[in-house]
Amino acid sequence: MNLFSRFTSPSKLKERGIMGMNKRNHSYIGRYNDRSRYPLVDDKLKTKFIAQQAGATVPDLIGVIDSQGSVKNIHDMVKDWPGFVIKPAQGSGGKGILVIVKHKDGIYVKPSGAEINKQDVERHITNTLAGLFSLGGKNDVAMVENLIQFDDVFDGFSFEGVPDVRVIVFKGYPVMAMMRCSTSASDGKANLHQGAVGVGIDIASGKAIRAVQFNQPIERHPDTDRLLSELQVPNWDKLLTLAASAWEMTGLGYMGTDMVLDKVKGPMVLELNARPGLAIQIANGCGLLPRLRHIESMGTTAHTPSPEERVAYAAHQFGVKPEF
């Protein structure tokens, strides 16, 4: 609860249906997520494969580096790819993600314009293999993916990075959503703890509800001055249907789905999370608990609704008006 306690009293939090860490862990993650399914989402390579099997679009995989002896292969691996991303397969919280927007003659350029050399790239991969960025510090592999070309509609809403959409999916129903927009403070990463902007998104329309940075309400992007109330996610129904179908993909009852909107390929699955954080409630200005309890109260039916039917139900049930 410490995330919210600076702003209001415990009784107010309860009144607003704000869910804390203990409640999340005990009543939702512990109850609805079979631990044997965790490897499907804790390993981004496995997530990519199950998403593809289910017919979902994912970023192109350029290659995988799984041993120290193959680290130097990276330069040959990416020679025909103008931009790429190196990430740990079992990383968490955006750690260890190296984004390169262009490269030439052994010089690699990051989104900020900073240049690094071949040795810097190799060192990053070596650290990845050693588990420096991974859950529990276990040895890992480095995934190399094509750089996502984010949709032009997001110009000005994100700074030096790709904005992503986090949707909390419970028993296959999308219950709450936010867009995470990178900033100079977050070093181009869509990570709220590092200073990215969280924009609460209306489940019914894909429109911005309110926005926060460092847990405080804001109206404009701190780097671009773009009015955040103007944000509307295109292809919203398709994106939500993709999120809802993650239930069938993984069998996890409570999860966070992270999606991006590519300029050419549309909504894509970036990763899935069996232990999603709770800051989405701050971005939306309301608690998860009433929505989760509503879904629980529905029980089970003989007919399992399709992802499209679940999205339509959630839109009708959980739509809200903007606060801007």
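The values are calculated or read from the model by the stated rules, or taken from the named source; none is laboratory data. Just so it is clear, the structure is predicted and the values come from calculations on it, not from any experiment. Positions of Cβ are backbone-derived with ideal geometry, glycine not excepted, and every protein chain shown enters the neighbour counts. Surface areas here come from the heavy atoms of the whole protein model, side chains and all, with no ligands, DNA or RNA. Shrake-Rupley method; radii C 1.70, N 1.55, O 1.52, S 1.80 Å.
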What is the number of the single condition among (1) open to solvent by 40 Å² or more (accessible area, probe 1.4 Å); (2) over 24 Å from Ile295 (Cβ atoms) that Ala211 does not meet?
-> (1)
Given the stretch 139-193, what strands (runs of 3 or more DSSP E) lie entirely inside it while holding 3 or more residues that are among the β-branched types (Val, Ile, Thr)?
-> 164-170
Those residues that are touching a Lys or Arg at 6+ places or on another chain (Cβ under 6 Å) and either more than 20 Å from His316 (Cβ to Cβ) or open to solvent by 10 Å² or more (accessible area, probe 1.4 Å) (or both), I need them from the stretch 167-177; list them, please.
-> Tyr173
Please find, within the stretch 242-269, the residue that is farthest from the chain's Cα centre (by Cα) out of those that are part of a strand (DSSP E or B) and acidic (Asp, Glu).
-> Asp262
Search the stretch 258-292 for residues being touching a Ser or Thr at 6+ places or on another chain (Cβ under 6 Å) and open to solvent by 20 Å² or more (accessible area, probe 1.4 Å), and hand back the single one that is nearest to Gly17 (Cα to Cα).
-> Glu271
State the number of residues belonging to the stretch 79-101 that are loosely packed, with under 14 Cβ neighbours inside 10 Å and in contact with a strand residue (DSSP E or B) (Cβ under 8 Å, 6 or more places away or on another chain).
-> 1
First in the stretch 33-57 and of a type in the set (D, E, K, R), second anywhere and at pLDDT 95 or above and open to solvent by 50 Å² or more (accessible area, probe 1.4 Å), Cβ under 8 Å, 6 or more apart | Lys48/Leu61
Just wondering, is there one or more residues in the stretch 21-37 that are closer than 15 Å to Glu271 by Cα and either in a loop (DSSP other than H, G, I, E, B) or over 21 Å from the mean Cα position of the chain (by Cα) (or both)?
-> no
Residues of the stretch 293-321 satisfying the condition of being among the aliphatic types (A, V, I, L, M), out of contact with any Ser or Thr (no Cβ under 6 Å at 6 or more places or on another chain) and part of a helix (DSSP H, G or I) = Ile295, Ala312, Ala314, Ala315
